[in-house]
Amino acid sequence: YETIGGGQGACPRADGPSGVHVAMSNTLSTPVEALELQYPLRVRRYALRLGTGGSGRQHGGEGVVRELEALEACRLSLISERRVRGPRGERGGKPGAPGRNFLNGEPLPAKATRDLAEGDVVTIETPGGGGFGR
């Protein structure tokens, strides 16, 4: 089980932080090395998803992209949110970009279970946070 952070919304006096777990306690980003030791996966990419934070006087934080390659047959269970509409902005700030999920470049729904074959690539792009103010 892994939780993947996204962009947090901006507030009146500060930009939103990027790549964080929003409104969750006692969770951290799983280190790549720990994930690769525990599961038959290779992390091909783990980076900020630039341009996903909503604009405004204060900008929303950036989401992240995590790309995983299956090293042997396994099962993916995906539960994600904000894949249709991104997090809203406040007081004239623009919304953050919605998240997206892909299997071998083809879109996956927000909630999905799939059997993966060796070499399959799953890409998870988390939403950016909403901006604040004009």
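The values are calculated or read from the model by the stated rules, or taken from the named source; none is laboratory data. From a predicted model like this one, the values you see are computed outputs, not experimental measurements. Cβ: placed from backbone, ideal geometry, glycine included. Neighbour counts: every protein chain shown.
Those residues that are in a loop (DSSP other than H, G, I, E, B), of a type in the set (A, V, I, L, M) and over 13 Å from Pro31 (Cα atoms), I need them from region 1-20; list them, please.
First, the residues of region 1-20 that are in a loop (DSSP other than H, G, I, E, B): 1-5, 7-10, 12-13, 15-19.
Retained after the next criterion (residues that are of a type in the set (A, V, I, L, M)): 4, 10.
The answer is Ala10, and nothing else.
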- Taking the stated definitions as given, is Gly129 touching a Leu at 6+ places or on another chain (Cβ under 8 Å), among the small types (Gly, Ala, Ser) and closer than 17 Å to Leu48 by Cα? no
- Which of the residues belonging to region 1-54 are crowded, with 19+ Cβ neighbours inside 10 Å and among the small types (Gly, Ala, Ser)? Gly5, Gly6, Gly7, Gly9, Ala10, Gly16, Ser18, Gly19, Gly53, Gly54
- Note on the structure: With the first residue restricted to region 109-127 and required to be at positive phi and modelled with pLDDT of 95 or more, and the second required to be surrounded by 15 or more Cβ atoms within 10 Å (Cβ to Cβ) and in a strand (DSSP E or B), Cβ contacts under 9 Å at 6 or more apart or on different chains are Gly119/Glu69; Gly119/Ala70
- Looking at region 56-86, which of the residues that are crowded, with 19+ Cβ neighbours inside 10 Å, over 11 Å from the mean Cα position of the chain (by Cα) and at pLDDT 95 or above is farthest from Arg13 (Cα to Cα)? Ala70
- Task: All but one of (1) within 14 Å of Thr123 (Cα to Cα); (2) part of a loop (DSSP other than H, G, I, E, B) hold for Tyr46, so report the exception by its number.
- Result: (2)
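So that you can scan it fast, the table gives a plain yes or no per residue for (1) among the aliphatic types (A, V, I, L, M); (2) in contact (Cβ under 8 Å) with a residue 24 or more places away in the chain; (3) in contact with a helix residue (DSSP H, G or I) (Cβ under 7 Å, 6 or more places away or on another chain):
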{"position": "Leu37", "(1), (2), (3)": "yes, no, no"}
{"position": "Gly51", "(1), (2), (3)": "no, yes, no"}
{"position": "Ala73", "(1), (2), (3)": "yes, yes, no"}
{"position": "Leu103", "(1), (2), (3)": "yes, yes, no"}
